[in-house]
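Colleague: Pasting in a structure now, in structure tokens, and then I'll have a few things to ask.
The values are calculated or read from the model by the stated rules, or taken from the named source; none is laboratory data. Just so you know, these numbers come straight off a predicted model, no measurement behind them. Note that each Cβ is placed from the backbone with ideal geometry, even for glycine, and that neighbours are counted across all protein chains shown. Only protein heavy atoms, including side chains, enter the accessible area calculation; ligands, DNA and RNA are left aside. Shrake-Rupley method; radii C 1.70, N 1.55, O 1.52, S 1.80 Å.
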Amino acid sequence: MGEEDSEPKRSRGLCGWFLALLVLGAIAAAIAVAVKVKMDHHHSAPKLGPVPGPPGPVVKMYGDALTLAMQFFQVQQSGKLVNNTISWRGDSALQDGREAQIDLSKGMYDAGDHMKFGFPMAFTATVLSWAILEYGDQMQTVNQLNPAQDSLKWITDYLINAHSSADVLYIQVGDPLVDHKCWDRPEDMTEERPLTQVNTSSPGSDVAGETAAAMAAASLVFKSINSTYSSLLLEHAQELFTFADGYRGLYSESIPEVQAYYNSTSYGDDLLWAASWLYFATGNQSYFDYVTGKNGVAFANWGNPSWFTWDNKLAGTQVLLSRVSFFGGQGSSNSRNLQNYMKTAEAVMCGLLPKSPTATSSRTDSGLIWISEWNSMQYPVASALLALIYSDYMLTSQTASFSCNGDSFGPSDLRNFAISQADYVLGNNPMNLSYLVGYGDQYPQCVHHRGASIPANATTGCVNGFVWLNSTAPNPNVAFGGLLGGPFLNETFIDSRNNSMQLEPTTYNSALIVGLLSGLVTTSSVVQSFT
């Protein structure tokens with residue numbers, strides 16, 4: 001029996017050892033994985049490179065894309081065109097403003113239609129100004145600084161005329177209901193172009209505040225180029241801010257018809273945004289006190305990160321004011337509320353970084369920030385622009401890191417995030433499709449844009465032009481540089497001209513992508529002072 005029993009016992013013993021080894025191995029593997037996860041999660045402390053000097057070598061991909069993106073501003077220009085390089089565009093809307101005996105022929109059409117909406121147009125001017133102020137030297141490396149300044153002035157010339165007296169601002173040219181019943185080229189339109197205004201009895205602190213921000217920011221752009229024009233812009237900015245702050249109200253409550261297009265959900269963000277830009281433009285302490293005092297307490301929503309859009313300027317304001325924390329500012333060093341702006345800006349950044357403990361889940365499987373099926377691209381591009389600017393503030397001030405719930409991140413993490421969003425736009429996505437019209441080998445052909453969809457030599461009235469909207473043929477004209485609405489959450493995209501949700505480019509999208517590409521076109525830093 002003993003001999004017979006010995007073999008099974010040995011087998012059982014070996015089996016036990018084997019199981020023990022398996023368990024130990026599994027534990028070791030689990031520890032290794034846990035350590036790796038922990039190391040991945042708590043990635044090594046950010047390393048800070050030297051402060052970038054003058055722009056370095058151009059990254060061709062971003063340089064080409066920036067040159068293209070800048071062209072869409074010309075595509076969208078209204079009025080008597082100057083140095084026009086878009087072969088299928090000509091003079092249009094030369095009588096705009098006539099009923100009020102003011103010249104509103106300039107400015108830019110909002111998107112694929114012929115409306116001039118003042119709220120997003122002013123946002124376009126503010127963001128474009130910001131991009132020029134931070135990245136003008138980078139723009140210059142690919143000869144895009146002058147075009148950017150020219151496009152900005154085309155809008156601010158319009159905004160100056162739209163602010164016809166201290167407490168009157170014209171905020172819309174055209175009737176969207178009438179305009180959208182037509183499908184025609186802007187050069188040929190014959191429909192009525194009524195004007196809409198805000199004033200003391202129909203206030204619009206949001207649109208007046210954003211317009212004040214645009215003029216204050218633009219005054220900084222033109223300060224060293226055309227001091228007289230810069231002073232005029234600043235005068236308008238201050239007067240508009242006084243009106244916006246003194247007669248408080250939402251323009252979309254004063255004028256309910258605008259709710260279907262650019263409905264404003266708040267005005268406090270616009271007042272803070274405007275006061276911040278006026279602080280930088282004037283150096284006047286009262287504007288700093290405005291944003292850090294009771295109005296900051298009332299409107300800034302500190303500690304709650306938000307998305308930067310034409311309707312919500314809080315994240316932009318937080319990043320802009322963090323300049324003062326990074327680089328210093330007169331009378332500002334001890335402001336506790338200034339730190340609240342910066343902490344909230346950091347919370348915005350933490351939400352964007354994919355490896356952050358507080359990373360937003362609002363993104364596609366490929367990592368594109370995704371918030372809304374309508375014009376989905378505005379959110380990732382705006383987020384990437386803010387991340388890039390903040391990254392460069394950190395580099396320029398030699399700030400090595402910030403914390404997201406105990407994990408440290410640095411400027412390179414933010415820049416890499418910005419690059420990931422820009423690259424997605426330019427074709428690094430599941431569709432292998434460029435959402436910047438004209439860039440790369442594969443981009444949508446049926447852009448929802450009247451002028452692009454109708455041959456330049458076609459004769460159409462208001463209604464019979466719809467044959468071009470409904471055509472399945474590619475657009476006869478390329479809306480060069482337009483940033484399209486973008487993909488759905490599942491990263492699909494339908495190239496059909498009627499699909500305005502995905503196929504319509506907007507002028508304010510262009511300001512955002514121009515800013516982003518300008519910061520990526522070469523090694524970037526930012527100026528420590530705008531003045």
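Colleague: Quick one: how many Å² of H449 are accessible to a 1.4 Å probe, rounded to 10?
Modeller: 10 Å²
Colleague: How large a share of the accessible area of the chain, in percent, is made up of carbon and sulfur atoms when the probe is 1.4 Å and the other protein chains stay in place?
Modeller: Carbon and sulfur atoms account for 54 percent of the accessible area of the chain.
Colleague: What are the residues whose amide H is under 5 Å from the amide H of C404, where those residues sit 5 or more places off or on another chain and H is modelled from the backbone?
Modeller: Here F409 satisfy the definition.
Colleague: A further question on this structure: Size of the chain along its principal axes in angstrom, Cα-based, largest extent first?
Modeller: 116, 61, 46
Colleague: Okay, next question. Could you tell me which of the pairs K47/K294; K80/K223; K60/K181 are separated by over 31 angstrom between their Cα atoms in the structure shown?
Modeller: Correct reply: K47/K294; K60/K181.
Colleague: Could you pull out every residue, at least 5 positions away or on a different chain, whose amide H is within less than 5 Å of the one on R363? Hs are placed 1.01 Å off N in the peptide plane, and Pro or chain starts have none.
Modeller: When sequence neighbours closer than 5 places are left aside, the close amide H contacts are W370.
Colleague: Averaged per residue, what accessible area in Å² does the range 398-502 show with a 1.4 Å probe, protein chains only?
Modeller: 40 Å²
Colleague: Hey, another quick one. Taking the Cβ-Cβ separation of T492 and S361 as r and a Förster radius of 30 Å, what is the calculated FRET efficiency to the nearest 0.05?
Modeller: So, using R0 = 30 Å, E works out to roughly 0.95.
Colleague: Could you sort K223, K47 by their accessible area in this structure, using a 1.4 Å probe and putting the largest first?
Modeller: Ranking K223, K47 by accessible area, largest first, yields K47, K223.
Colleague: At 0.36 nm per residue, minus the direct Cα-Cα distance, what do V527 and N405 gain on full extension? Give it in nm, one decimal, please.
Modeller: 40.9 nm
Colleague: Residue-wise, which Karplus ³J(HN,Hα) couplings in Hz belong to the range 482-488, taking 6.51 cos²θ - 1.76 cosθ + 1.60, θ = phi - 60°, and x for glycine or proline?
Modeller: x, 8, 6, x, x, x, 6
Colleague: Ratio of the range 44-112's C-alpha Rg to 2.2 N^0.38 Å, to two decimals?
Modeller: Here the Cα radius of gyration is 1.82 times the empirical estimate.
Colleague: Report W307's accessible area, 1.4 Å probe, all protein chains in place, as a number in Å² to the nearest 10.
Modeller: 70 Å²
Colleague: What does the accessible area per residue of the range 113-265 come to in Å², with a 1.4 Å probe and no ligands, DNA or RNA counted?
Modeller: Per residue, the range 113-265 has 33 Å² of solvent-accessible surface.
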